[in-house]
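The values are calculated or read from the model by the stated rules, or taken from the named source; none is laboratory data. Just so it is clear, the model here is predicted, and its values are computed rather than measured. Cβ: placed from backbone, ideal geometry, glycine included. Neighbour counts: every protein chain shown. For the accessible areas, the whole protein counts, side chains as well, though only heavy atoms, and no ligand, DNA or RNA atoms are used. Shrake-Rupley method; radii C 1.70, N 1.55, O 1.52, S 1.80 Å.
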Amino acid sequence: MVILLIGSGGREHALAWALARSPRCERLLIAPGNPGTASLGTNVALDVADHGAVIAFCRAQGVGLVVVGPEAPLVAGLVDDLAAAGIRAFGPTAAAARLEGSKAFTKELCREAGIPTAAFARFTASEPAKAHIRATGAPIVVKADGLAAGKGVVVAQTVAEAEAAVDAMLGGALGAAGAELVIERCLVGEEASFFALCDGTRAVALASAQDHKRVLDGDRGPNTGGMGAYSPAPVMTPELEARAMREIVEPTLAAMSARGTPYRGVLYAGLMITAEGPQLIEYNCRFGDPETQVLMPRLASDLVEALVAACDGRLDTCEIRWREEAALTVVMAARGYPGPVEKGSGVGGIEAAEALPGVTVFHAGTALKDGALVASGGRVLNVTALGADVAQARERAYAAVERIDWPEGFCRRDIGWRAVARG
């Protein structure tokens, strides 16, 4: 089977790594890909926003499966257009992708379906929003309704911080994504990333993971797209996984199906494990980043088989197996991230890092300049390692980080601390 993977980041490098290992993968094409994916398949210059061009390319290349990595093409309806052209594509339709594309849509669905989530209110004007914040008090969470590339959520510790977030978002800092706000109660507990593969009517739980959103050690500083992750997440016990499926994922699938917009693809539930049990923070309609970078190395079964089964509505025929080992990834980012960063600094030492046992380095924001590898984004590398447990995986990952030659980069030094502390 010829497979086309859409995307260019660390998530896509990890997906490419797993897709290329499948016996069903005859040829792997990645649009646009990155220097890391180039060793696993063929990077192609394709404007993925031009759906007609993507369809023509798939027909010319005999593509049997399109895997859409990022959220923007899903929300824009790429899967709809591919399906209308008779091309199998993994990912939700535009209507189903509203679970990520509109936080207000998801909160209303939760209210209707009785799915546990934080109390919330919606606003399009600043004064009512600020009055609500003053009446509720802090801490409080301010969210842009639309897609904001990981920058649309502020967990405000003070009323003043929340009011400033309202002014920024409604003032146009996030463009159309911030035209409506969802303001919600701040949940207390431990966060976890929970993934389920869905075929429209059925859902199969994937391995759990936990990521680190804050930029600095000790979970301090601003939120980021993720500074590291590990799998499995000890907080997600078998009992909690069963509850998350029963109370959150399965009612969501039923509600989406009842709307005439069945959900097919991977459903990524960001959960807060509270004293009352799991509550939904938000949904993403694609694999997580950097969680994919720890899930794929732990996947023991065939990724292509699982994705095709989800597309074809037959997940009941597919067995998904996981390795016993734990995996941990450390994000190496350019100095200044998550703010403005300088691009173009040289990155070396990847081969030396990957010479260590169990280590794979996924490219997240790299490019080639005159034949040399350079940083081209905020998050640049995902240094990933397998180990007998999270502690060993962390030890191996940080040993590999030490072999990376990139003075302009930085990373957190405490990824996995919760799991290690649990022993």
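From (1) surrounded by fewer than 19 Cβ atoms within 10 Å (Cβ to Cβ); (2) under 16 Å from residue 194 (Cβ atoms); (3) not basic (Lys, Arg), pick out the condition that doesn't hold for residue 317.
The one condition residue 317 does not meet is (2).
With respect to residue 408, is the statement that it is closer than 26 Å to residue 338 by Cα, over 24 Å from the mean Cα position of the chain (by Cα) and not small (Gly, Ala, Ser) true?
yes
Run down 184, 161 and say which single residue is under 11 Å from residue 138 (Cα atoms), in contact (Cβ under 8 Å) with a residue 12 or more places away in the chain and in a helix (DSSP H, G or I).
161
Filter region 115-161 down to the residues that are among the small types (Gly, Ala, Ser) and under 25 Å from the mean Cα position of the chain (by Cα) and list them by number. Walk me through it before giving the result.
Taking region 115-161 and keeping what is among the small types (Gly, Ala, Ser), we get 118-119, 121, 125-126, 129, 131, 135, 137-138, 144, 146, 148-150, 152, 156, 160.
Hits for region 115-161 are 118, 119, 144, 146, 148, 149, 150, 152, 156.
What is the one condition in (1) of a type outside the set (A, V, I, L, M, F, W, C); (2) open to solvent by 40 Å² or more (accessible area, probe 1.4 Å); (3) in a strand (DSSP E or B) that residue 172 does not satisfy?
Of everything listed in (1) of a type outside the set (A, V, I, L, M, F, W, C); (2) open to solvent by 40 Å² or more (accessible area, probe 1.4 Å); (3) in a strand (DSSP E or B), residue 172 misses just condition (3).
For region 175-211, give me the residue count where each residue is surrounded by 21 or more Cβ atoms within 10 Å (Cβ to Cβ), over 17 Å from residue 282 (Cβ atoms) and either out of contact with any strand residue (DSSP E or B) (no Cβ under 8 Å at 6 or more places or on another chain) or not small (Gly, Ala, Ser) (or both).
Residues flagged as surrounded by 21 or more Cβ atoms within 10 Å (Cβ to Cβ), over 17 Å from residue 282 (Cβ atoms) and either out of contact with any strand residue (DSSP E or B) (no Cβ under 8 Å at 6 or more places or on another chain) or not small (Gly, Ala, Ser) (or both) within region 175-211 amount to 3.
Scan region 326-348 residue by residue and report those that are over 18 Å from residue 414 (Cα atoms) and either open to solvent by 50 Å² or more (accessible area, probe 1.4 Å) or polar (S, T, N, Q) (or both).
340, 342, 343, 345
Checking residue 323 against (1) open to solvent by 20 Å² or more (accessible area, probe 1.4 Å); (2) closer than 23 Å to residue 190 by Cα; (3) in contact with a helix residue (DSSP H, G or I) (Cβ under 6 Å, 6 or more places away or on another chain), only one condition comes out false. Which one?
(2)
Only one residue in 112, 100 is within 17 Å of the chain's Cα centre (by Cα) and among the acidic types (Asp, Glu), so which one is that? Steps first, please.
Details: 112 fails: within 17 Å of the chain's Cα centre (by Cα).
Among 112, 100, only 100 is within 17 Å of the chain's Cα centre (by Cα) and among the acidic types (Asp, Glu).
Taking the conditions exactly as written (more than 28 Å from residue 271 (Cβ to Cβ), modelled with pLDDT of 95 or more, surrounded by 21 or more Cβ atoms within 10 Å (Cβ to Cβ) and touching a strand residue (DSSP E or B) at 6+ places or on another chain (Cβ under 7 Å)), does residue 54 satisfy them or not?
no
Just to be sure I understand, how many residues within region 302-320 are at pLDDT 95 or above and in contact with a strand residue (DSSP E or B) (Cβ under 8 Å, 6 or more places away or on another chain)?
The number of residues fulfilling the criteria is 12.
What pairs can you find where one residue is in region 319-332 and free of Cβ contacts under 8 Å to residues at least 24 places away in the same chain, the other is surrounded by fewer than 19 Cβ atoms within 10 Å (Cβ to Cβ), and their Cβ atoms are less than 7 Å apart, with a gap of 6+ or different chains?
Note: pairs meeting the criteria are 319/301; 321/300; 321/301.
Give the number of residues within region 288-336 that are assigned to a loop (DSSP other than H, G, I, E, B) and over 21 Å from residue 209 (Cβ atoms).
So the count comes out to 5.
Quick test of your reading of the structure: residue 66 fulfils all but one of (1) surrounded by fewer than 18 Cβ atoms within 10 Å (Cβ to Cβ); (2) in contact with a Lys or Arg (Cβ under 8 Å, 6 or more places away or on another chain); (3) under 18 Å from residue 311 (Cβ atoms); (4) not charged (D, E, K, R). Name the failing condition by number.
(1)
Could you please give the count of residues in region 87-146 that are open to solvent by less than 50 Å² (accessible area, probe 1.4 Å) and in a strand (DSSP E or B)?
Within region 87-146, residues that are open to solvent by less than 50 Å² (accessible area, probe 1.4 Å) and in a strand (DSSP E or B) number 11.
Here is a yes/no grid of residues against (1) modelled with pLDDT of 95 or more; (2) crowded, with 21+ Cβ neighbours inside 10 Å:
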{"residue": "361", "(1), (2)": "yes, yes"}
{"residue": "389", "(1), (2)": "yes, no"}
{"residue": "392", "(1), (2)": "yes, no"}
{"residue": "397", "(1), (2)": "yes, yes"}
{"residue": "405", "(1), (2)": "yes, no"}
{"residue": "420", "(1), (2)": "no, no"}
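Yes or no: residue 18 within 28 Å of residue 321 (Cα to Cα), assigned to a helix (DSSP H, G or I) and either in contact with a strand residue (DSSP E or B) (Cβ under 8 Å, 6 or more places away or on another chain) or open to solvent by 10 Å² or more (accessible area, probe 1.4 Å) (or both)? Show your work before the answer.
Values: within 28 Å of residue 321 (Cα to Cα): yes; assigned to a helix (DSSP H, G or I): yes; either in contact with a strand residue (DSSP E or B) (Cβ under 8 Å, 6 or more places away or on another chain) or open to solvent by 10 Å² or more (accessible area, probe 1.4 Å) (or both): yes.
Yes; evaluated as a whole, the condition is true for this residue.
List the number of the failed condition for residue 269; all other conditions in (1) open to solvent by less than 10 Å² (accessible area, probe 1.4 Å); (2) in a loop (DSSP other than H, G, I, E, B) hold.
Only one criterion is unmet by residue 269, namely (2).
Which ones in region 147-169 are surrounded by fewer than 16 Cβ atoms within 10 Å (Cβ to Cβ) and of a type outside the set (Gly, Ala, Ser)?
Residues satisfying the conditions are 157, 158, 167.
Restricting to region 407-417, count the residues that are out of contact with any strand residue (DSSP E or B) (no Cβ under 8 Å at 6 or more places or on another chain) and either open to solvent by less than 20 Å² (accessible area, probe 1.4 Å) or not in a helix (DSSP H, G or I) (or both). Talk me through it step by step, then tell me what you get.
Going through region 407-417, the residues out of contact with any strand residue (DSSP E or B) (no Cβ under 8 Å at 6 or more places or on another chain) turn out to be 407, 413-414, 417.
Now drop any that are not either open to solvent by less than 20 Å² (accessible area, probe 1.4 Å) or not in a helix (DSSP H, G or I) (or both), which leaves 407, 413-414.
Here the count works out to 3.
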